[in-house]
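These notes concern the structure reproduced below.
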Amino acid sequence: MKNSKTLFLAVPLLALLLIATLFSGCTGGGGDTTPESLSVTGSTTVLPVAQKAAEAYMDTDLQADIQVSGGGSSVGVQAVGEGTADIGMASRDLKDSEKEKYPDLVQHVVAKDGIAVIVHPANTVETVTTAQVKAIYQGAITNWKELGGPDMAVVVVGRDSASGTREFFQEAVMNKEDFVPSQLEKNSNGAVKQTIAQTPGAIGYVGLGYIDPTVKALKVDVNGTAVKPTVAAVVSGDYPIARSLNMFTKGEASGLAKEYLDFIVSPEGQKIVEEEGFVPVA
């Protein structure tokens, strides 16, 4: 009698559980509601675009959790190569040593950028050649009066060894030759810009997205034509110090990583690229 009573109570309870399960499956927003996370790290040049894109994407996908951090291009490549990050950001192409160490990395070009040579706004020099910039960074030119500017010592400011911007600058401007040992090395575009803004004799280089009224971007003499570092000049190919901005995945992107990358090259994502002062690629 007792067993019959227990069975009498258990059957409706199981039915209710079954109905609840089915109902949950029909109203759960189309499937699994488990939060999906994505880690993105690397280049401080790509960082502002990655952060804004992550915020915009997460507004459309409430289950996505995208964490973005800097550290430099070398940090980004190593992190994605070693599997400690899902996406590595780099403002340069892979080095040969990185291609050999991480052969399965896949490149995704999300924007293009120009490298602006910047000085303090009070500096009267307006235009330089790439040869003059190289001479400054080698220590061959040490006073601004040698370029028609004020009698003031040049303070050379650059990036640290983890920087993709430094790698690109050393290849494109320095022809892979060494920097002057007295160069002040900073760990981000923002730190370079701040130092230039506070130091009258300083010279530095940053991505186009970091130019603002606190510094002056020098024109670059290209065959007798002074070219300003602008988005339009990068698009036209007139500005000579330009590069691709990249995100790398280990193997082909899938899941949230693919959706995030697709978003960045979508019209909405490329609008963010443009708003941050870089050049759209789609």
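The values are calculated or read from the model by the stated rules, or taken from the named source; none is laboratory data. Bear in mind that the values here come from a model prediction, so they are computed numbers and not experimental data. So basically every Cβ, Gly included, is an ideal-geometry build from the backbone, and we count neighbours across all protein chains shown. Side chains are part of the model used for accessible areas, which takes the heavy atoms of the whole protein and leaves out ligands, DNA and RNA. Shrake-Rupley method; radii C 1.70, N 1.55, O 1.52, S 1.80 Å.
Toward the positive end of the charge dipole of the range 61-129, with +1 on the Cβ of Lys and Arg and -1 on the Cβ of Asp and Glu, the farthest Cα among ALA90, VAL119, ALA79 is that of VAL119. Beyond 22 Å between alpha-carbons counts as too far, so tell me which of LYS52/LYS186; LYS52/LYS219; LYS95/LYS176; LYS134/LYS176; LYS176/LYS250; LYS52/LYS99 fall in that bin. Correct reply: LYS52/LYS186; LYS52/LYS219; LYS176/LYS250; LYS52/LYS99. Per-residue extension of 0.36 nm, minus the Cα-Cα distance of SER266 and SER97, leaves a gain of 57.6 nm for this segment. Rounded to the nearest 20 debye, the dipole size of the range 92-143 about its Cα centre is 100 debye, using +1 on the Cβ of Lys and Arg and -1 on the Cβ of Asp and Glu. Computed extension gain for SER37 through GLU171, at 0.36 nm per residue and net of the alpha carbon distance, reaches 44.7 nm.
Excluding the site residues themselves, the longest part of the chain lacking any trypsin sites (Lys or Arg not before Pro) in a DSSP loop with at most 15 other Cβ atoms within 10 Å is 177-282. For helix 189-198, what angle does its Cα long axis make with the longest principal axis of the chain, in degrees from 0 to 90 and rounded to 10? Approximately 40 degrees, to the nearest 10.
For the chain, the longest principal axis of the C-alpha atoms and the axis of helix 47-60 are separated by about 30°.
Taking amide H positions as modeled 1.01 Å from N, with prolines and chain starts lacking one, the residues under 5 Å from ASP65 and 5 or more places away or on another chain are GLU36, SER37, LEU38.
Here the chain is assigned +1 on the Cβ of each Lys and Arg and -1 on the Cβ of each Asp and Glu. Its dipole about the Cα centre then comes out at about 300 debye. Here the range 52-163 has 48 percent of its accessible surface on carbon and sulfur atoms, given a 1.4 Å probe and all protein chains in place. Rolling a 1.4 Å probe across the protein heavy atoms gives the chain an accessible surface of 50 Å² per residue.
The alpha carbons of the chain stretch over 107, 35, 32 Å along the principal axes, in descending order.
Subtracting the Cα-Cα distance of ASP104 and SER254 from their residue separation scaled by 0.36 nm leaves 52.6 nm.
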